[in-house]
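Colleague: To start, I am sharing the structure in question, which I have written as structure tokens.
FYI, it's all coordinate maths here, none of it is from the lab. What you see is a predicted model, and the numbers here were worked out from it, not measured in a lab. Note that we place each Cβ from the backbone using ideal geometry, even for glycine, and neighbour counts take in every protein chain shown.
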Amino acid sequence: MSARTHGPLHPREEQALVEGLLAGDEEAIRTVYARYGRPVYSMGLRILGSAEAAQELTQDVFVTAWRKAAGFDPSRGRLSTWLMTIAHNLAVDRLRREHGARKPTLVLMDEVPETPGLDEEELLLERDAALRALEALTDAERSLLGRAYFGGMTAREISEADGVPLGTVKTRVRAALIKLRRANLDKERP
Amino acid sequence: MNCPAVRDLLPEHALSLLGPLDRLGVQRHLAWCAACRKEAASLEEAGAVFGFTAPEAQMPDGLQERVVQAVSTGAAKESTIRHRMRFLGVAAAVAALVALGGFGWGAVMASRAGDAERRAQEAERLQEQGEGVQEVLDDQLLRPRDRLLFAWLVPNDGAQSDGWGYVVTSPGQPDVVGVNLVGLPAGVQMPVRVWLTGGGGNDRILVVRARRIDASGALEQARRIDRNLSGVTVMVVKDADGRVVLSGFLDAPD
């Protein structure tokens, strides 16, 4: 089992990597961790707010990924999406368990991810493309997604907090997600 | 739940923000609706993109080794579980999960309760109770390549579930199917047969044939099947005359 730790993976390589994970192959586990350990941990830290919780989350994410590896289908989505979705589900579930409803009610602008300088070449490609794709969003759209994704706020909670109709919030969240995805696809193209 | 209702919830589904009732409804719909599944995948991808934008954190020392050990230990542990124990354990665990609130049973029970807030609270409570058994099922009984599909079985003319069925597909091992009917409708002619069908409904597989039910009208059976059941999507219970008594979609539980 050998796979590159950097650069985009072909779906066949992703499938092979997940097969290795499924088999408990140590090299495959290390390769998946090398690629996605940091974004998973960083997201966990952002959502849960403590290093200890983020470490536990990271461990849970990889064990869950191993357990669910047989269900991974590269034709339905990328390994990064699959893994980050598992991570986010676990993080938000944990946030709800430990903090009752939702943690933050307001995301200040300095908590919203910054758009990067153009020379941050050391970033993993997925993160780099994602950060660049953020440039396509307005500040309001970035703030909205930040409150929902990192803050765990539902559309109804945002609607009530902002005094905006629920349908409007849902429409804005959907539009922001679609815009971000399109921008990311553009940024990933050579 | 129809397509417009599901589409309305998909952005929050992609952001892991739905409560148990809505999440269950969406996932059931996505199990058979390719168009909504495509939209859901697209929004999930966007959610993952946003996740990558979290401020990069310094990785703690030793975390990689703990992750490798946790996954390796899990992989080693599963290989030591005996198949028969697993077979019996899965049947017992699925029954316990149903009793405790897994597989959305909380949602089903709560949907019969009163106001929306009480329904949500009841669903949350029952779902949490089921989590312990779910972990046993996941950690000790199901192997990583195993896939558990679960179906609430309902009569054609009613929304109330009258039983459940499950399928465990297991590469390299006989697959397992189980059915647990709480109470068959009066007047059902025996024997009843339980069939599984694939997405197109062309490949029907007879998995259970029961001549008798107990005094309360209940039936509980589990069997190993020497066929690959990985493509099945529907479980159907028919009476002796071939009439459909109960049916349900087989979904992967949360």
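Colleague: Counting other C-beta atoms within 10 Å, and keeping those with at most 13, which DSSP coil GluC sites (Glu not before Pro) do you find in segment A:26-91?
Modeller: Passing both the DSSP loop test and the Cβ count: no residue.
Colleague: I'd like the Karplus ³J(HN,Hα) series for segment B:39-56: coefficients 6.51, -1.76, 1.60, θ = phi - 60°, whole numbers in Hz, and an x wherever there's a Gly or Pro.
Modeller: These are the phi-based 3J(HN,Hα) values: 4, 4, 5, 5, 5, 5, 4, 5, x, 5, 4, 5, x, 5, 8, 4, x, 5 Hz.
Colleague: Per residue of A:158-170, count partner chain C-beta atoms within 10 Å of its C-beta, then hand back the mean as an integer.
Modeller: 1
Colleague: Average partner chain C-beta neighbours within 10 Å, per residue of A:66-77? Spell out each step's value before the answer.
Modeller: Numbers: counts 8, 10, 4, 3, 9, 4, 0, 0, 0, 0, 4, 5.
Taking all residues of A:66-77 together, the mean is 4.
Colleague: Skipping prolines and chain starts, which residues have an amide H placed within reach, meaning under 5 Å, of the one on B:Ser247, given they are 5 or more residues away or on another chain?
Modeller: B:Val154, B:Val237
Colleague: Segment B:1-80: which GluC sites (Glu not before Pro) are DSSP loop and have at most 16 other beta-carbon atoms within 10 angstrom?
Modeller: Listed in order of number, the matching sites amount to none.
Colleague: In addition: So, in Å, what gap is there between the alpha-carbon centers of segment A:132-190 and segment B:2-34?
Modeller: 18 Å
Colleague: Quote the convex hull volume per residue of segment B:21-67, based on C-alpha atoms, as a whole number of Å³. Working shown, then result.
Modeller: Numbers: hull volume 6.2 nm³, N = 47.
Cα-based convex hull of segment B:21-67, divided per residue, equals 132 Å³.
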